[in-house]
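One structure below.
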Amino acid sequence: MTISDTVGHVWRTSVLLQSARWTVRHLARLAGPALIASLPAAIVVYLAAMPLVGDAGGLVNGQFALLSALPGPLVGWTVAMGVVSMLAHAVVLPATVLMAAGLMLDRSVSPSVAMRTALRRAPAMLAAGAIMMLGWVAIVAAGLGVAWVTAQVWLAILVMVGLAALAAPFLLAVPAVILEGRSGWRALGRGWRLGDRLAYDGVTLLVGVLGVPALAWQGLDRLMPLLPDSIAAAVTGVGYGLVGVLATVFQAVVLARMFLFPPDESERERVSEEVLRLLPDGPPVPARPVRVVAALALPGLLYGGVALTNPLGWVEIAETNVGEGRTQDSKSSGGGGLGPYSVDLRALYSGADRPLTMVMDNRVSRDNSGRTSMLTCEDAECRDTTLTWAGGQNQIGPVVASARLADGRLVLTVWTKDPDDPPRRIPTVRLSLLICDREGCISPEGGKPLSEPIGYALGHDAVAVAVRPNGGLVIAQTRENHGSLLDRTDNSETISFTFCDDPICSRPERKMSVNLDSASGGDDERALALVVGADDRPVAARADSRTGAMSVIACADAACTTPRVTKPEEGRGAADRDYTSRKRGSLSMAMRTDGRPVIVRREVFDGSISLLDCRDRTCAQIDKLALAGPDRARALPALVLDAAGRALVAYQDRDARQIVLATCSGGKCETAVAARIRHGLGGDVAMTLDGRGRPVIAWVDDTLGIYEREWALKVTTVL
């Protein structure tokens, strides 16, 4: 077959389609340069970089991931490997173009000859690459400038794509250097002249050299999370190696075709004859598919073996993206939007008939109005979920407290108003219950109100609920006692305890109440916590959001008729109060099997997190352990006790952008990174234990964007 016949046959079909066919058909021959350069580099990276990662690494869904900032030595190593990879690609791509051009012109070029030729012409290739890189930077800068001026992302993308299509013919400088031996600057001019049909050549080069490889990488990124964890690591390593080689070969084939076969027939003949004259000659190169497959699989198998055996003892995590949402443009003034404005996690529970249930407040407009929902996971991985709105008849406002019953159902406390109550500015409400299962939430028949009628003012009365050993409930409720209108600094509050013998509170009984002479918790969330011991006696903890003090209320006798109040932590005096610097104070509490409470709290004034291990039921004496320093934690922490009695505390570290799990026992705590926050800190942290006693953490990753806000609700299990 003559050169003219070959050219005519090739040009009758699509460049991209024929390039794809050639890539698949001749992959075993054309993969040589990529494998020669990448195989040793991959092995060196795995063997040398992994020990440098240290505690910054982890296994997320069976695959390696960085959970912390790169250690200093690894930063330098990463930069060095990035530079080496770019330099290697500047040799591998031209060498592959040379081999592809040889195959298209029936001339055999071995990988070793192609690599030596590419190395000799590397200075010209690097010069052309540097000029092209400056051009791409200018295109990106132009797009960012358009976005800054017009605030229209789509217009900026359109401008960048248009400029990229116009600049794409400069990519033909690669074959101009390797096939014709031109200098960098002359190769750029040669590429521009060959790509005279900008509408076709520019788009074809842009799609073939940049678009298709990018889509291949993106598709692989989306496919890997769907694989079972047992094979994900090995398949990921092999998959990324295969896509890397395929992308390089496809790029080379597209460049060789576009360069060798321009539309003008006389130009095609001239280019082909010139390239044939300069092509190095050699013996035929046999295809060795077995060697190619083995070389492609080796780095992947090495990576998979390290991930499966975990020789460095990295933390192992299973993480699921449960749901996502987006708000409307922040400049819009109306309510609504494309999705919930934000999600505030209230609690996380596991049950016998459902893996996980999240109770959360969904704010659906910019005025923060919203309601409470329950998100139930239908499978252990939490990939299939059911959303149920937690609302009852005549309910006003969101759920104020929740607890899980022994049978897996949830009990929620809500404020309800009298349906016959005439419209008024502040409605009269009572505290009531909702019982929730898979089908939804209902007000139990026979249930009685849990409070006297009061004027509803959101956030001034805190409520906590706990389940008794006999299946009944204990409800703790605060009531602010106002002082005089002229002097409101001496306000106190009353905390009352209501006991129910059944989960619907058909016969509620108020057994005790106590007056606290400190200021109330105000509108801070989770400023009241309640637990019930095996002896059916409750213990409550109350954080003072104005002074930073904390009070603990416990039963003094088995009948719970007399309370005993202690103040494990004193707050600041009135002269020391700086209301402008106050943070969201909060606390969580759990009880050991011997009746001693464990409390984790976020300080009001500096935002630090500490663990208070009580030496007795009343917390008259405590052992205090610092977990996170001032201003490091934005969200409220979560606390559970594991089967060994250790206190597990999950919190957000704002500076390090991490979800941290602290395991505390014997007067000391060990911390481990449970998740990496990709975007921003959103909402609070909730935690429970799964059926195997492993900590499960729910948290929100929030972008907090300028023009729109996106969030992702994630569930992380520390294995």
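The values are calculated or read from the model by the stated rules, or taken from the named source; none is laboratory data. From a predicted model like this one, the values you see are computed outputs, not experimental measurements. Glycine also receives a Cβ, built like all others from the backbone with ideal geometry; neighbour counts cover every protein chain displayed. Accessible surface areas use protein heavy atoms only, side chains included; no ligands, DNA or RNA. Shrake-Rupley method; radii C 1.70, N 1.55, O 1.52, S 1.80 Å.
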Q | Residues located in the stretch 516-543, provided they are open to solvent by less than 10 Å² (accessible area, probe 1.4 Å) and modelled with pLDDT under 80 | A | Ser520, Gly521
Q) Quick one: is Asp701 at pLDDT below 85, closer than 24 Å to Asp55 by Cα and assigned to a strand (DSSP E or B)? A) yes
Q. Between residues in the stretch 300-316 that are surrounded by fewer than 19 Cβ atoms within 10 Å (Cβ to Cβ) and residues that are assigned to a loop (DSSP other than H, G, I, E, B), which pairs lie under 8 Å by C-beta distance while being six or more apart or on different chains?
A. Leu308/Gly62; Val315/Leu67; Glu316/Asn310; Glu316/Leu719
Q: Would you check if Arg584 is within 23 Å of Asp461 (Cβ to Cβ), of a type outside the set (A, V, I, L, M, F, W, C) and either at pLDDT below 90 or over 37 Å from the mean Cα position of the chain (by Cα) (or both)?
A: yes
(Q) Looking at the structure I just gave you, is Val465 open to solvent by less than 40 Å² (accessible area, probe 1.4 Å) and at pLDDT 85 or above? (A) yes
Q: All but one of (1) open to solvent by 20 Å² or more (accessible area, probe 1.4 Å); (2) under 21 Å from Ala554 (Cα atoms); (3) part of a loop (DSSP other than H, G, I, E, B); (4) of a type outside the set (Asp, Glu) hold for Thr618, so report the exception by its number.
A: (1)
Q. Looking at (1) open to solvent by less than 30 Å² (accessible area, probe 1.4 Å); (2) free of Cβ contacts under 8 Å to residues at least 40 places away in the same chain; (3) out of contact with any Lys or Arg (no Cβ under 8 Å at 6 or more places or on another chain), which is the only condition Leu194 fails?
A. (2)
(Q) Which residue is most open to solvent (accessible area, probe 1.4 Å), if the candidates are limited to the stretch 102-129 and must be outside any helix (DSSP H, G or I) and not β-branched (Val, Ile, Thr)? (A) Asp106
Q. Which pairs have Cβ atoms under 7 Å, sit 6 or more apart or on different chains, and link a residue in the stretch 585-603 that is under 16 Å from Gly667 (Cβ atoms) to one that is polar (S, T, N, Q) and open to solvent by 10 Å² or more (accessible area, probe 1.4 Å)?
A. Val600/Ser588
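Inside the stretch 495-508, can you point out the residues that are part of a strand (DSSP E or B) and in contact with an Asp or Glu (Cβ under 8 Å, 6 or more places away or on another chain)? Don't jump to the end; show me each part of the working.
Looking only at the stretch 495-508, we keep the residues that are part of a strand (DSSP E or B), and these are 495-500.
Matches in the stretch 495-508: Thr498, Phe499, Cys500.
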**Q.** Selection within the stretch 560-581 - out of contact with any Gly (no Cβ under 9 Å at 6 or more places or on another chain) and modelled with pLDDT of 75 or more
**A.** Cys560, Thr561, Thr562, Pro563, Arg564, Val565, Thr566, Lys567, Pro568
Q | Every pair of residues 6+ apart whose Cβ atoms lie under 9 Å, when the first sits in the stretch 416-433 and is closer than 17 Å to Pro444 by Cα and at pLDDT 70 or above while the second is open to solvent by less than 20 Å² (accessible area, probe 1.4 Å) and among the aromatic types (Phe, Trp, Tyr) | A | Arg430/Trp415; Leu431/Trp415; Ser432/Trp415
Q | Any hit, the stretch 677-695, residues being at pLDDT below 90, surrounded by fewer than 24 Cβ atoms within 10 Å (Cβ to Cβ), closer than 30 Å to Val153 by Cα and of a type in the set (A, V, I, L, M) | A | yes
(Q) Taking the condition of being at pLDDT below 70 and either hydroxyl-bearing (Ser, Thr, Tyr) or in a helix (DSSP H, G or I) (or both), how many residues in the stretch 246-272 meet it? (A) 7
Q: State all residues of the stretch 530-570 that are touching a Phe, Trp or Tyr at 6+ places or on another chain (Cβ under 9 Å) and closer than 16 Å to Asp613 by Cα; if no residue qualifies, say none.
A: Leu530, Ala540, Ile553
